[in-house]
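Okay, here's the structure, questions in a sec.
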Amino acid sequence: MEWEKEALRETISFLEKSCKKMKRVLCIIIDQLTGHWEESVKIEGTDLPPVNVAGYHQLGLIPNFSYLINNGLWIKKPWNRGGCVTMYGMKYIATGSYLDDKYFKYQNRRPAYYGIPEEQLSFTVAANEYYKGHNKKFIASIFGCAPWTDDFLFNDCYATYRPWDSGDDVMLRNCALPWLKSNPGWNLSIIYFQGLDEIGDRGCPSYLKSESPRSSKHSYIKFLDGLIGEIIEFLKKENLWEETYLIITSDHGAHL
């Protein structure tokens, strides 16, 4: 649609202008995090909506998310393809577009590297070509687990897998934040939190009385809010807050 193309052109123009000033990007990808829900829907037996950022923000249950919403840019209803396909989510986060098939072909499950025909262009190639053309270089890192660590690799990018027997908190505290602290020249880092999706794979319990973080999505989003708070505190303590674009996004929402 023409309005989508125009919106994309405006977005690209804004990002190009921002990149001239931008020093760092820290992108937090939270798998299966739902941004909003139909406001009349409640979890049976409670006054709570299904777990979503907008609803929990309004209820005051996620103060660190709320701090970012109140002090930044909050997009409540982003574009989507009407389905939960992780590969589409990856390509959209990487390129900001669904308009060109070459960016999200489902069969293109791994990144295309240099020497591959342009129709196989991936974020890896596009990002490196952009920065080379502007005499810039990524000092990048990614923390998470497959396939995210595969599809967002850059030249000379530090990448580490989250141990399957650990959690998002361990990966953040033991891997991500120490790397950011010991590599002060970084300008791009991606942290992938998988825990909410793991709860979804166990049957999507929305709410249980247990306070254990992994007992339900309700408990886990509050746990995630604490991790977001640790990231905010780290950036401020390390004097990185004013020079960092902090982006929180998801690959897709969730079914009730």
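Taking the range 179-196 as the search range and keeping residues that are assigned to a helix (DSSP H, G or I) and over 15 Å from Leu227 (Cβ atoms), which one is least open to solvent (accessible area, probe 1.4 Å)?
Step by step, filter the range 179-196, then rank; the result is Trp179.
Which residue pairs have Cβ atoms closer than 6 Å, lie 6 or more positions apart in sequence or on different chains, and pair a first residue in the range 214-226 that is in contact (Cβ under 8 Å) with a residue 12 or more places away in the chain with a second residue that is assigned to a helix (DSSP H, G or I) and open to solvent by 20 Å² or more (accessible area, probe 1.4 Å)?
Here the result reads Asp225/Asn64, each pair linking the range 214-226 to a residue that is assigned to a helix (DSSP H, G or I) and open to solvent by 20 Å² or more (accessible area, probe 1.4 Å).
Output the residues belonging to the range 22-41 that are of a type in the set (D, E, K, R), open to solvent by 40 Å² or more (accessible area, probe 1.4 Å) and either modelled with pLDDT of 90 or more or within 22 Å of Ser250 (Cα to Cα) (or both).
Hits for the range 22-41 are Glu38, Glu39.
Consider the range 222-256. How many of its residues are within 16 Å of Asn187 (Cβ to Cβ) and either of a type in the set (S, T, N, Q) or not in a helix (DSSP H, G or I) (or both)?
Residues that pass the stated criteria total 7.
Ok, one more. Within the range 137-178, track down each residue that is at pLDDT 85 or above and not in a strand (DSSP E or B).
Of everything in the range 137-178, those that are at pLDDT 85 or above and not in a strand (DSSP E or B) turn out to be Gly167, Asp168, Asp169, Val170, Met171, Leu172, Arg173, Asn174, Cys175, Ala176, Leu177, Pro178.
Another question about this same structure. Being closer than 21 Å to Ala54 by Cβ and either touching a Cys at 6+ places or on another chain (Cβ under 6 Å) or part of a helix (DSSP H, G or I) (or both) is the filter here, so list the residues in the range 197-221 that pass it. It would help to see each step written out before you state the result.
Keep residues of the range 197-221 that are closer than 21 Å to Ala54 by Cβ, which gives 197, 199-200, 204-207, 216-221.
Passing the criteria: Asp197, Ile199, Gly200, Lys217, His218, Ser219, Tyr220, Ile221.
The values are calculated or read from the model by the stated rules, or taken from the named source; none is laboratory data. What you see is a predicted model; the values in this text were computed from it and never measured. Virtual Cβ from ideal backbone geometry, glycine too; neighbours counted across all protein chains shown. Note: areas computed on protein heavy atoms with side chains; ligands, DNA, RNA excluded. Shrake-Rupley method; radii C 1.70, N 1.55, O 1.52, S 1.80 Å.
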